[in-house]
Amino acid sequence: MAHSRTVSVGQTAQHSSPHSVKLFWSAKVTGVSTLFAVIVLWAIGSAGTTSVICVLFLWVAFRKPENSGSHSGNDSARSAGIASGQSLASHLSTHAENTANDEKSKVADDARGGVSNETGSIPSFDPVWLEDGNVILRTIDASHRFYRGLLAFHSPVFRDMFSIPQPGENSGELGDCPTVHLHDNGRDLQYFLQVLIGTLQLEDENLSIHVISAVLRMSTKYDASMIRERCILILSRSYPGNLSEWDKIPESKSVGMYKVDVRHFHLANYARETSSLVLLPSALLICCMSSIEEILDGSTLPDGYHVELDPINKRAVLLARQELSHRARTETYEYLLCVPDVEGCIRTKTCRTEKSGKMVWVQEQSTDDWLNPLVSECYTSSLCPKCNNKAKESYRNARAKIWDDLPKIFGLGESWQQLERANTDPV
């Protein structure tokens with residue numbers, strides 16, 4: 001933290017000599033300028049061009065180079081101050097006070113996560129800064145002023161952190177407010193703190209999944225279990241852990257490729273990082289619907305931000321994608337195979353033609369050799385009643401089996417129950 005500096009009159013006296021010399025030199029140069037102007041006029045009138053050139057050469061050699069930029073402006077201001085009767089000691093004392101105030105202002109801006117105006121940059125987010133807060137949380141790119149008690153109530157990690165005296169505890173304080181340094185993203189911590197004070201509602205339907213994922217990450221790191229459970233519950237609406245809920249989301253309607261929002265890549269990475277494994281099967285299944293190119297290289301947003309799957313998620317998606325597509329053809333869409341015919345079919349030829357045509361259509365939806373094995377629609381409406389019932393039964397059984405196997409297919413565990421238990425014991 002910057003400390004204010006007091007400059008006394010006795011101290012300024014030590015520096016008066018250089019400034020006095022500078023003022024004397026300024027007056028001397030002014031007199032000489034007048035003298036040379038007279039000589040130049042005389043030379044033009046009586047001595048010709050050669051004399052003028054000689055006079056100008058002497059002038060350039062004699063004159064003292066002027067200061068440039070802000071220094072010349074400062075010298076002019078000082079001269080004006082002296083000319084108006086202001087003492088040199090008083091002028092320097094005022095300058096010292098202004099410098100100290102600028103330093104204090106800069107420290108306050110830095111503490112709020114701001115950047116000095118000299119850099120011309122502005123924070124891209126709005127740090128939480130409570131004037132009556134009693135602790136400053138300084139992240140890698142911002143600072144937040146918050147309540148120690150509220151943090152300690154929700155987070156055992158913060159509670160233990162505050163109970164242990166830190167070395168150099170008084171360093172890095174702003175007034176009487178201690179500073180805690182955290183290796184977190186300032187925006188992620190901002191969302192977490194806003195949830196604690198109620199200015200950000202996790203249940204808001206318009207809230208971005210990325211924001212909820214960030215709160216999940218912070219609540220896991222700092223062991224804020226109640227907030228973590230809320231995040232997982234809300235995210236499970238978009239990344240369900242049961243088949244009936246899966247059928248309600250838009251991605252379940254796609255037979256082949258689906259234009260996947262990169263937010264799903266974000267969520268998969270956050271879920272893996274926070275051991276929220278119950279969210280991963282659905283998230284990774286949606287990621288499988290991306291093109292091979294997007295899975296391998298990620299995607300760049302319009303603002304230039306690049307997003308891609310973590311290596312472990314990328315490997316899981318690429319390996320599972322092949323198996324899931326195979327099971328879609330051999331299990332989910334088995335009811336579209338013509339042989340054997342369904343016993344009791346009353347329109348054998350018509351049903352064969354319908355199923356054969358639908359199978360061709362399904363294959364045409366495949367891109368990059370991908371077919372969704374858990375598509376929510378069963379294409380049986382044009383079949384006879386016997387074939388229709390048999391097709392629906394086969395379709396339901398195949399999807400249920402594949403859904404149960406998803407954790408194993410993605411290498412996450414043996415069952416959904418195992419993933420649910422892992423949520424209560426994050427690593």
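The values are calculated or read from the model by the stated rules, or taken from the named source; none is laboratory data. Quick caveat: nothing in here was measured; it's all calculated off a predicted structure. Heads up, the Cβs are rebuilt from the backbone with ideal geometry, glycines too, and the neighbour counts pull from every protein chain shown. SASA here: full protein model, heavy atoms, side chains in, ligands and nucleic acids out. Shrake-Rupley method; radii C 1.70, N 1.55, O 1.52, S 1.80 Å.
Accessible area per residue for the stretch 378-427 in Å², computed with a 1.4 Å probe and the full protein assembly in place, what is it?
On the way: 2770 Å² over 50 residues.
Per-residue accessible area for the stretch 378-427 comes out at 55 Å².
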- Loop GluC sites (Glu not before Pro), the stretch 330-427 (other Cβ atoms within 10 Å of the site Cβ: 13 or fewer; DSSP): 343, 377, 414
- For the stretch 331-382 and the stretch 225-253, compute the distance between their C-alpha centroids and round to whole Å. 30 Å
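I need the calculated FRET efficiency for the pair residue 237 and residue 261, taking r as the beta carbon distance and R₀ as 22 Å, to the nearest 0.05. The partial results should precede the final answer.
Details: r = 15 Å, r/R0 = 0.70.
So, using R0 = 22 Å, E works out to roughly 0.90.
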- Could you work out how far apart the two model spin labels at residue 199 and residue 248 are, taking each label as a point 7 Å from the Cα in the direction of the beta carbon, and quote it in nm? 3.2 nm
- What FRET efficiency comes out for the pair residue 157/residue 343, r = Cβ-Cβ distance, R0 = 56 Å, nearest 0.05? 0.30
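Whenever you get a sec, compute what percent of the accessible area on the stretch 309-427 sits on carbon and sulfur atoms (1.4 Å probe).
On the way: 3230 of 6550 Å².
Carbon-and-sulfur percentage of accessible area, whole number: 49.
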- Note on the structure: Surrounding charge for residue 135, neighbours by C-beta under 9 angstrom, Lys/Arg +1, Asp/Glu -1, total +2
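Taking only protein heavy atoms and a 1.4 Å probe, what accessible area per residue, in Å², does the stretch 220-354 have with all protein chains in place?
Ligands and nucleic acids excluded, the figure is 48 Å² per residue.
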- Query: With labels modelled as points extended 7 Å from the Cα through the Cβ direction, what inter-label distance (nm, one decimal) is found for residue 130 paired with residue 361?
  - Reply: 5.8 nm
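Between residue 353 and residue 318, what FRET efficiency follows from the Cβ-Cβ distance if R0 is 41 Å, with the result rounded to 0.05?
Values: r = 37 Å, r/R0 = 0.90.
Plugging the Cβ-Cβ distance into 1/(1 + (r/R0)^6) gives 0.65.
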- Task: Multiply the residue gap between residue 368 and residue 306 by 0.36 nm, knock off their C-alpha separation, and tell me the result in nm, one decimal place.
- Result: 20.1 nm
